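The values are calculated or read from the model by the stated rules, or taken from the named source; none is laboratory data. Values in this document were obtained by computation on a predicted structure and should not be read as measured data. No Cβ is skipped: glycine too gets one built from the backbone with ideal geometry, and neighbour counts run over all protein chains shown.
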Amino acid sequence: MSKKLNLTCQPVTLDLKTTFRIAHGASDQRHNVIAHLEEGLGEAAVVPYYGDTQAGIVAYLEQAAATLGDDPFLIEDILNSLPAGSPAARAAVDIALHDLWGKRLGQPLYRLLGLTPQALPLTSFTIAIDEPALMAERAATCGYPLIKIKLGSPDDEAIVAAIRQATSARLRVDANAGWSREEAARLIPRLAEYDLEFIEQPLAVGDIDGLRWLKERLRLQKIELPLFADESVRCAADVAAHAGAIDGVVIKLMKSGGIREALRAIHTARALDMQIMIGCMVESSLGVTAAAHLAPLCDYADLDGPLLIRNDPFKGLGYEGSCMILPSGPGLGVETL
Ligand code: MG
């Protein structure tokens, strides 16, 4: 009989370069968990607003270790047999399985998925909420030609105006569910004046009727700024529930529970003619490189996690400005530093 797959985990503390303030709250550190599944590596990002804790994820992985069986190629069976748990915790197992798959076959994950690593969209660099003048200075000096602005503060229009004046970079904004329907209907036509690519998660999580109402209001005013759902859309079924209510979706491994369900969500979005952005939480190069292997399937990328932290324990996805370079090693191609 072959040997049972061995899963262990290791808590890790990521220090942010600057305080990360978004509409959900502020943090200077994030406490993630690294999974080791034989020689495969995975990461769970602890996202405070989804109710995860580092201890909860460690406890989940200890429980999951008993259910894995002995054949790492049975990825569907293994994932279907995992105990119920948070998507981020399940993602750690899923990512480690995909890394192991590639390592055992000696191929990078993008090749196993049939994707070309040259077809990556540019990634945006995130500017968190602060005083408008400070955000504008950061936008002007960060050196990235594609910037994502976090909104959901009382100064939203002033922030966008200050940043637009300070830089000619491409701009996209993320309200992180920070607006009421009325605020969104009032603000978005004004923000549309500043040449933005799209707006992420304007309304509260789950307010699909509100999105339909908002889209109709904007259509009547001939405002063509696309709206994307992020927090509201975790898995393929959530994508389907937003059909007709949204122009695009943000897919993240920590919401979907890993690569398998992220692929289903991407294909569902394509079938519904939605645009797709691949994103990340505050994650090390491990989790973000896993997401980047799916980026050739997506229109947009927001994979700046490693750029926001100062003590990345891994080396994987490379950056040249906003261009991302996928590593060519087997599996995820991530090295432990
Ligand atoms: Mg977002």
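Below are the figures for this structure:
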{"quantity": "Subset of region 279-292 [without any contact (Cβ under 8 Å) to a residue 60 or more places away in the chain and either in contact with a Cys (Cβ under 7 Å, 6 or more places away or on another chain) or assigned by TED's automatic domain parsing to the domain that holds ALA89 (or both)]", "calculated": "VAL288, ALA291"}
{"quantity": "Region 278-314, residues that are within 13 Å of the ligand (Cβ to nearest atom), hydrophobic (A, V, I, L, M, F, W, C) and either out of contact with any strand residue (DSSP E or B) (no Cβ under 6 Å at 6 or more places or on another chain) or closer than 16 Å to ALA236 by Cβ (or both)", "calculated": "ILE278, CYS280, MET281"}
{"quantity": "Among (1) surrounded by 24 or more Cβ atoms within 10 Å (Cβ to Cβ); (2) within 26 Å of GLN54 (Cα to Cα) - the single one SER81 does not satisfy", "calculated": "(1)"}
{"quantity": "Qualifying residue in region 127-134 (condition: part of a loop (DSSP other than H, G, I, E, B) and among the charged types (D, E, K, R))", "calculated": "yes"}
{"quantity": "Only one of GLY257, GLY329 that is touching a residue at least 60 places away in the same chain (Cβ under 8 Å) and farther than 30 Å from ALA26 by Cβ", "calculated": "GLY329"}
{"quantity": "Count - residues of region 178-215 that are surrounded by 22 or more Cβ atoms within 10 Å (Cβ to Cβ) and at positive phi", "calculated": "1"}
{"quantity": "From ALA237, ALA229, residue being away from the ligand (no atom under 16 Å from the Cβ), of a type in the set (Gly, Ala, Ser) and modelled with pLDDT of 95 or more", "calculated": "ALA237"}
{"quantity": "Cross-chain or 6+ apart pairs with Cβ under 8 Å, region 170-184 first and under 24 Å from PRO48 (Cα atoms) and near the ligand (Cβ under 10 Å from one of its atoms), then modelled with pLDDT of 95 or more and in a helix (DSSP H, G or I)", "calculated": "VAL173/VAL160; VAL173/LEU191; ALA175/ASP156; ALA175/ALA184"}
{"quantity": "Residue match in region 196-206 (condition: assigned by TED's automatic domain parsing to the domain that holds SER168 and more than 16 Å from the ligand (Cβ to nearest atom))", "calculated": "no"}
{"quantity": "Residue check for ARG270: touching a residue at least 60 places away in the same chain (Cβ under 8 Å), more than 12 Å from the ligand (Cβ to nearest atom), surrounded by fewer than 23 Cβ atoms within 10 Å (Cβ to Cβ) and part of a helix (DSSP H, G or I)", "calculated": "no"}
{"quantity": "Members of region 207-226 found to be within 16 Å of the ligand (Cβ to nearest atom) and either outside the structural domain of SER168 (by TED's automatic domain parsing) or closer than 19 Å to TYR300 by Cα (or both), listed by number", "calculated": "LEU225, PRO226"}
{"quantity": "The one condition in (1) over 17 Å from ILE129 (Cβ atoms); (2) modelled with pLDDT under 95 that GLN165 fails to fulfil", "calculated": "(2)"}
{"quantity": "Matching entry among GLU157, GLU137 (being over 27 Å from VAL233 (Cα atoms), touching a residue at least 12 places away in the same chain (Cβ under 8 Å) and away from the ligand (no atom under 16 Å from the Cβ))", "calculated": "GLU137"}
{"quantity": "Members of region 1-24 found to be under 28 Å from ASP71 (Cβ atoms) and in a strand (DSSP E or B), listed by number", "calculated": "LEU7, THR8, CYS9, GLN10"}
